[in-house]
Every structure is written in C-alpha cells, then in structure tokens.
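**Q** Sharing a structure here in structure tokens format.
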Amino acid sequence: MSLLFRAILILFLFATCSPASHEEVRSTSLIPLPADLTVQQGFFEVNNQTTIVCLSDDSAAHQVVSRFRQLLEKVTSFSIPWQPEAADNAIVFSLDTKTGVPDEGYHLVINGRQVKITASSAAGLYCATQTLRQLWPEEFDSENPPRQNFRWQALEIHDTPRYRWRGAMLDVARHFFTIEEVKRYIDYLAFYKMNVLHLHLSDDQGWRIEMKKWPRLTAFGAQQEVGGTTGGFYTQEQYRELVQYAADRFVLVVPEIDLPGHTHAAMASYPELSCDGRSRELYTGIDVGFSSLCYQKESTFAFIADVVDELAALTPGPFLHIGGDEALSTPHEEYVGFITRIQQIVRARGKRMIGWEEIAQAHLDSTSVAQYWSNQQHAKDAAAQGAMIILSPATRVYLDMKYDSTSVFGQDWAGLTSVEKSYQWLPDTVVSETWQHLVLGIEAPLWSETITHLDEAEYLAFPRLPGIAELAWTNSNKRTWSDYRQRLGRHAKRFDAWGIHYFRSPEIEWQN
Ligand code: TNX
C-alpha cells in the first residue's frame, strides 16, 4: 500500500470514527424527544457579539424573549443587545399565528449564521427556549455558570406536544413544602416542558391554604403534618405569588381541596363540619378513608361554597380540583349528592371541576374532568358521559411508589415502579379510539406520606419525572426504551449541575 493511500485511509477512518462532539451529543439527548429533529453540520457560536431579536408586538412573547435574554446574559456574562431586525449572529424569535405551528409547538433552526425560533404562541416560544437550554452546556444551569462562549449544534426541529395537559401533582398536605421548594419543583417541570402543577392543599393531616372566612383551618388545622412534626400553610398572598411564578414559566397551578373525605383537619378545626360535632385532635398517621364532612347539614355546603369562592378568586386558570377520592366513610348516595352539588357550586363560579376518578359515579357534565388513578372502569364511565379525563395510573406514574426493594422512600401498594416500567407505559391504550379526544393528558402525582423535604421529593421524582414528561409530549410510536435510557443517562450532568438528589437507578448508564 502506498504511503499516500495509507495516509488517506487513516484520515478517512479518523473522520468517520471521531467521537461526536459534546454539542452533537446534547442535541441527540433532548427530553422530551422532539417530534422531528435533524442534526446538521456546523455550529452557532454565542459570543460577545451575539444579539437577540423579537419579531412580534405581543407582550407575552416579549416577556419570554426578554427572560431568555436575561438568562443568556447570566450564563455567559456577555451583554446580549436587542436588535430590531434579523441579522447575522442573532437569535431571532418570531411569533406567527399563520405558520400552522400548533399552540405550544415551535420550529427551531440553528445554523452557522443564526438561530431562528418560530411559534404561533408565547407558550411555543417558551418551549423552544427550554430546548435551547438543554442544548447548551450542562454547567450553565448551575449556581455559578462558567460565563463564556459556547456553541449550539446546527440543527432543525419541528416540535409539538402530544397532550395538552402535561402535569405533576405535589401533596403539600401530608408533609408541608415551602414556597421556595415548590418554586424549585416548578422549575423542574418547566425545564421538561410540563405545564400543570396540581397542588394537593388539604387532607386529613393538614389544611395548607389560608381561607379568610374560615381562619382556624390554618390557624389550627395546619399546625402539624405526618409524624407530628411542624406543618405550615400558604397565605393567600404567598399563594398568588406562586401562581404568578408558575405562570411566568407557562405552568398552570390547579389547587385541590379534597372533599368530602380526607377532611379530618377541617373537622378538627371546625367540629360543626362533622355529623357528631365532637372535638378532634389533629391526625398525624397515614391511614385513608376514615373522615367525611356531614352531608345532612346545610351548613356544610355553605362552607364548601366559601372555600370554592376563595379558591376561584385565587385561580386565574379554569380548573378547580375538588378531590373526591377514597370517600370510604361517605355512604354512596351521599357521595353522589356531594359531587353533584359541588359540581354546581364550581360551575356557578365559572370554573371547571376536576375530581379523582370516583366522581364518575355521579352525573358529570361535559365541563368536568375525572382523574383516573386505579380503576379503568371509572375512566370509561367518565368518558361515556362526555367528561374529559386525565391519566394518572398509580402503577405507572405515581412518583411515590418505590423503584425497587432498595428504595429509601416511597410506598409500594401499587407495586414497585422502575424507571423502565414507568416509561414503557402506553397512554393511548387506556380508553378506546372513539374516546381519545376526551383524554386531556397525563399527570404524575407525588404523595408525601414518606417524604419531608424537597431533596426526598427529588429522589422519587428523579429520574422518573423526565420520562413522564416525555410520555406526555412525544407520540408513543416515536419512543423506545433503549433510546430513552441513553438520553436519560446523559442528563446526569444536568441533575448534578442543578444539585438534584436523584436516584441513581442501576437501569441507567449514568454519564457524569
Ligand atoms: C391513594 S390515589 C390516595 C392518596 C394517598 C396515595 C398514596 C388517591 C386519589 N388517593 O390519598 O396519598 O394513595 O400512594
């Protein structure tokens, strides 16, 4: 073999076998997986000459771009000036309601000259910015970003979510979580393009939101939590701030007051809400199904109306969650009566009622939504009435289930739930084809009987939560476990940068 030929061969082998760049690896590790992604040759470099452009008068769009600009300035320490028109070395956002890009979807093109983002709504632009964050170096998301130039891989993405409702629930009743902890959880949701935070604000163990007309609910009913440790609650002012914090990240907060069961804390605060009227101590155990408000007293419904009034006033979004689960101490006819009347109360305030799947036993109107968690028949009964459904099967997306026998936190009544078992769920199989249009989306509940602070919540949520975000965003026929576990393994560096206390599941080859 001639020397020249050998040299060419070696060069050729080097070119074809050289490992992928960090930028390329990141662009093929996005979670949730985009609907359509083409990786291309080249890079866009963000340097101290880069500018930003917003081709829209829409104020919500402007806010998205301006927040992204702030973040970019923070992580690079450059000043990224506004520019009125698209130019070279610019990141160009445009809102175009006629592009045919669906709400929350976006079109992203990165090449050597420009980054171009197009969407039909501010929410779509926001989702694109989360993709851009996943494409920049992991260390940029740490407390002390490195502040330097970086490159984005050239690529093109057409993206759009499978489901409108991509939710997570946090139980702040069994153990209380501070506003700061909840904000941090919202950050995680937004990063993975989830858009609903359902807060479970009351249960037997505590009532966690201030009610002006019923002050003892929190003055007394919020004092403790599971295990007898000190509880807590949100003032209405704090709660409003939280709702705004979430809205800035395109996350809708859905408040839940659990009725008519799971109400021991309310009855301990106001004995007249129970049928026997006796005084009660606070409850700090983890049993369920032993409490019920009194159906026979008309004053119970005045109480519910007051609570719904105050919650509705705190909630800009259309949904109020009224619980309705495990009302094992409420006779069936009374249960149906409760749900029927509560539905009227919620509707009269211009809101849509959500309840756990058991509400399908009552007559639901088409504005109501049932949240399936264990009995598929309830989901079907709700759909048959024309109500929409949210899918939260305990065996797949309950984040409080243990991963395996080594899990430090969590329960196991719905079985052990490995990362793979959760990810391999096919949400399209819960109801038949004819009812698919009634499936609003997916939600991952995190009940807090066994977890006391955010680090413990993180252990249960990570790494399953990103997988559920993908179930909600990406079509099932695009996803495979073998591909997903590779991508997830490469998110370890992100978890480390954020300081997330994730479970290092042995199912994943962690790349950090
Ligand atoms: C069932 S699922 C509950 C909750 C518990 C949870 C524990 C549902 C609607 N209710 O009260 O916290 O199990 O996993």
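Here, each number is a calculation from the coordinates, and none is a lab measurement. Note that the structure is predicted; figures quoted are calculated from it, not measured. When we count neighbours, we look across all protein chains shown, and the Cβ atoms used for this are built from the backbone with ideal geometry, even at glycine.
**Q** Which shape class applies to the range 218-360: rounded if a/c is under 1.5, otherwise prolate when a/b exceeds b/c and oblate if not, where a ≥ b ≥ c are the square roots of the Cα gyration tensor eigenvalues? Let's see the in-between values first.
**A** Working: a/c = 1.77, a/b = 1.18, b/c = 1.49.
Oblate, since a/c reaches 1.5 and b/c is not below a/b.
**Q** Over the chain, what is the mean sequence separation of C-alpha contacts under 8 Å (at least six apart), divided by residue count, expressed as relative contact order in percent?
**A** Once divided by the residue count of the chain, the mean separation gives 14 percent.
**Q** Another one. What are the ³J(HN,Hα) couplings of the range 320-326, residue after residue, when phi is run through the Karplus curve with 6.51, -1.76, 1.60 and θ = phi - 60°? Round to Hz, x for glycine and proline.
**A** Values per residue, Gly and Pro as x: 10, 9, 10, x, x, 8, 6 Hz.
**Q** Right, next: Given N residues in the range 376-439, what is Rg(Cα) / (2.2 N^0.38 Å)?
**A** Values: Rg = 14.0 Å, N = 64, 2.2 N^0.38 = 10.7 Å.
Ratio of Cα Rg to 2.2 N^0.38 Å: 1.31.
**Q** Counting helices only, and only those DSSP H runs with n ≥ 4, report the 222 nm mean residue ellipticity of the chain as the sum of -39,500 (n - 2.57) divided by its residues, in deg cm²/dmol to the nearest 500.
**A** -10000 deg cm²/dmol
**Q** Helix 179-191 sits at what angle to the longest principal axis of the chain, using alpha carbons and giving 0 to 90 degrees rounded to 10?
**A** Compared with the principal axis, the helix lies near 50 degrees.
**Q** Can you give the angle from 0 to 90° between the axis of helix 59-76 and the longest principal axis of the chain, with both taken from C-alpha atoms, to the nearest 10?
**A** Result, in degrees: 60.
**Q** For Gln371, what residues show an amide H to amide H distance below 5 Å, using hydrogens built from the backbone and excluding near sequence neighbours?
**A** HN-HN under 5 Å from Gln371: Gly355, Trp356, Glu357, Ile390.
**Q** Hey, which lysines would be in cross-link range of Lys402, C-alpha to C-alpha under 26 Å, not counting anything within fewer than 8 residues on its own chain?
**A** Lys183, Lys193, Lys421, Lys493
**Q** Amide H to amide H under 5 Å from Ala90: which residues, 5+ apart in sequence or cross-chain, H placed 1.01 Å off N in plane?
**A** HN-HN under 5 Å from Ala90: Thr51, Val115.
**Q** Inverting the mean 1/r over all pairs of different Cα atoms, compute the Kirkwood radius of the range 445-490 and quote it in Å. Provide the component values of the computation, followed by the final result.
**A** Details: mean 1/r = 0.0832 Å⁻¹.
When all Cα pairs of the range 445-490 are included, the Kirkwood radius is 12.0 Å.
**Q** Can I ask one more? Name the residues whose placed amide hydrogens come within less than 5 Å of the amide hydrogen of Gln40, ignoring near sequence neighbours (fewer than 5 apart) on the same chain.
**A** Ala154, Leu155, Glu156
**Q** What are the ³J(HN,Hα) values, in whole Hz, obtained from phi via the Karplus relation 6.51 cos²θ - 1.76 cosθ + 1.60 with θ = phi - 60°, for each residue of the range 486-498 in sequence order, with x given for Gly and Pro?
**A** Per residue, the Karplus-derived 3J(HN,Hα) values read 5, 4, 4, x, 7, 7, 4, 4, 5, 4, 5, 4, 7 Hz.
**Q** Ranked from highest to lowest mean number of other Cβ atoms within 10 Å per residue, what is the order of the peptides 297-305, 415-423?
**A** 415-423, 297-305
**Q** Rounded to the nearest 5, what % of the DSSP beta bridges within the chain are antiparallel ones?
**A** 30
**Q** Quick check: the angle from helix 236-248's long axis to the longest principal axis of the chain, C-alpha only, nearest 10 degrees?
**A** With both axes taken from Cα atoms, the answer is about 30 degrees.
**Q** Note the direction-averaged projected area, equal to a quarter of the hull surface, for the Cα convex hull of the chain, in nm².
**A** 27.0
**Q** Rounded to the nearest 5, what is the percent of antiparallel bridges among the DSSP beta bridges in the range 122-234?
**A** Restricted to the range 122-234, the bridges split so that about 35 percent are antiparallel.
**Q** Quick check: Cα centre of the range 166-192 to Cα centre of the range 41-86, how many Å?
**A** Rounded to whole Å, the Cα centres lie 29 Å apart.
**Q** Using θ = phi - 60° and the Karplus curve 6.51 cos²θ - 1.76 cosθ + 1.60, what whole-Hz ³J(HN,Hα) does each residue of the range 40-52 get, with Gly and Pro shown as x?
**A** For the range 40-52, the Karplus curve yields 10, 6, x, 9, 10, 9, 8, 9, 6, 10, 6, 10, 10 Hz.
**Q** Okay, next question. Determine the distance separating the Cα centre of the range 452-485 from the Cα centre of the range 256-278; give it in Å without decimals.
**A** The range 452-485 and the range 256-278 have Cα centres spaced 36 Å from each other.
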